[in-house]
Every structure is written in structure tokens, then in C-alpha cells.
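Working notes for the structure below.
The values are calculated or read from the model by the stated rules, or taken from the named source; none is laboratory data. As the structure is a prediction and not an experimental result, all values here were calculated from the model. Backbone-built Cβ (ideal geometry, glycine too); neighbour counts: all protein chains shown. With ligands, DNA and RNA removed, areas are computed over all heavy atoms of the protein, side chains included. Shrake-Rupley method; radii C 1.70, N 1.55, O 1.52, S 1.80 Å.
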Amino acid sequence: MNAPVAPEIAELEEQERRLTLARFTLDDAWALGTLLVELAREQGAPVAIDIRRGGQQLFHAALPGSTPDNDAWIDRKRHVVERYGCSSLLVGSRFRAKGTTFEESSRLDPDTYAAHGGAFPIAVTGAGVIGTVVVSGLPQVEDHQLVVEALEKHLSA
């Protein structure tokens, strides 16, 4: 079975525009987190999930098969979103489009930053990026797709 192909940069940028929220409360964090857990369980995905607003962790779950390494990946991917203001997959894709890699050209510590898919900005209309939602445990494109699917369902609820 072939691994999913990363979306094009334009599609990743469109996802971020489309998945901007009107608000993001503590209840929204709980709803989004539990939705991610449900979707991951349906897929049997061995993931860890993290949702933050500013410096506060609002939701965290570790599903069967996830490991402490997933939490380390969550932190590294989250730092990319916090620094660049867009998804970790988009950041990595932009570097690859320039014929290089994030690791080679960002000049950032790879023990702190990872431009691998799975971290997505929580953006609120009129406020910009106010937090992150991160999944780790699947191949990077699948981590990203799981977050996008959950945000789409959350917005349509």
C-alpha cells in the first residue's frame, strides 16, 4: 500500500484559510480533542494528541501504541507552528519546494524543531494564530490529515 502524498503548498495554505475558527474556548478544545480521539480509535491509530492555547495545554491523550517519543515529536512539531504561524507540513513543504530541507536550511536546532506533518495552527478570526493542535504517531501526511479531518468536523458541528 502506498503512503499518502503530501498536498501541494496551495492546498495546505487553503486548508489553513478554510479552517479558521470563530472562537476557541476550553469547551472547544475538549470537543476537538475528544473528536480526534474518536477518529484515531476508529482507525486504530497509535497516536498522541495535544491541544494548546498560548502556553497552556488544554488537552492531551495518548492512545494504545503511542510512546513517549510521540510526545517529543509533538513538542518539536508544535515549536514549528509557534515560530512560523502555519502547519508543520506546510513549513517543511516550503523548504522542499526551494530544493532544500528544513533541517539543512532553517538553522534551527532539530532537537527543538521538526517540520514534519501533524501540527496545525488554531487560528481565530480577528485574532490570528492562538494555539496548536498536534498529532504524532502516524506517517507525517497521515498525522496532518487526521488533524484536518477533525477540524473540518469540528467546524461543521
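Please identify which residues in segment 122-156 have an amide N closer than 17 Å to a label point set 7 Å out from the Cα of ARG83, following the Cα→Cβ vector.
Label zone hits: 132.
Quick check: residue separation of ASP69 and ARG41 times 0.36 nm, minus the Cα distance between them. What number comes out in nm?
8.1 nm
In nm, to one decimal, how far is the LYS153 label point from the HIS60 one, both placed 7 Å along Cα→Cβ?
In this crude label model, LYS153 to HIS60 measures out at 2.4 nm.
Grab the DSSP H runs of the chain that are 4 residues or longer, score each as -39,500 (n - 2.57), total them, divide by all residues and round the 222 nm result to the nearest 500 deg cm²/dmol.
That calculation yields -15000 deg cm²/dmol at 222 nm.
If you filter segment 59-127 for trypsin sites (Lys or Arg not before Pro), then keep DSSP loop positions with at most 10 other Cβ within 10 Å, what is left?
Details: sites: ARG76, LYS77, ARG78, ARG83, ARG94, ARG96, LYS98, ARG107; in loops: LYS98, ARG107.
Taking segment 59-127 and a limit of 10 other Cβ atoms within 10 Å, the loop trypsin sites (Lys or Arg not before Pro) found are LYS98, ARG107.
Taking the Cα centroid of segment 68-124 and of segment 20-36, what is the distance between the two, rounded to the nearest whole Å?
22
Enumerate the helices in the chain for which the Kyte-Doolittle hydropathy averages 0.0 or more and the C-alpha atoms extend at least 15 Å along the helix's axis, using complete DSSP H runs.
Both cut-offs are met by 26-43.
Heavy-atom accessible area per residue, the chain, 1.4 Å probe: how many Å²?
That works out to 50 Å² per residue.
In the chain, carbon and sulfur make up what percent of the accessible area (probe 1.4 Å)?
The C+S portion of the solvent-accessible surface of the chain is 50 percent.
Can you give the extra length, in nm with one decimal, that the chain gains between GLU104 and ALA22 once fully stretched, where that is 0.36 nm per residue apart less the Cα-Cα distance?
Here the segment from GLU104 to ALA22 would lengthen by 25.8 nm.
How long is the gain from ALA97 to ILE130 if the chain were fully straight, where each residue apart is worth 0.36 nm and the alpha carbon distance is subtracted?
Fully extending the segment from ALA97 to ILE130 adds 9.2 nm.
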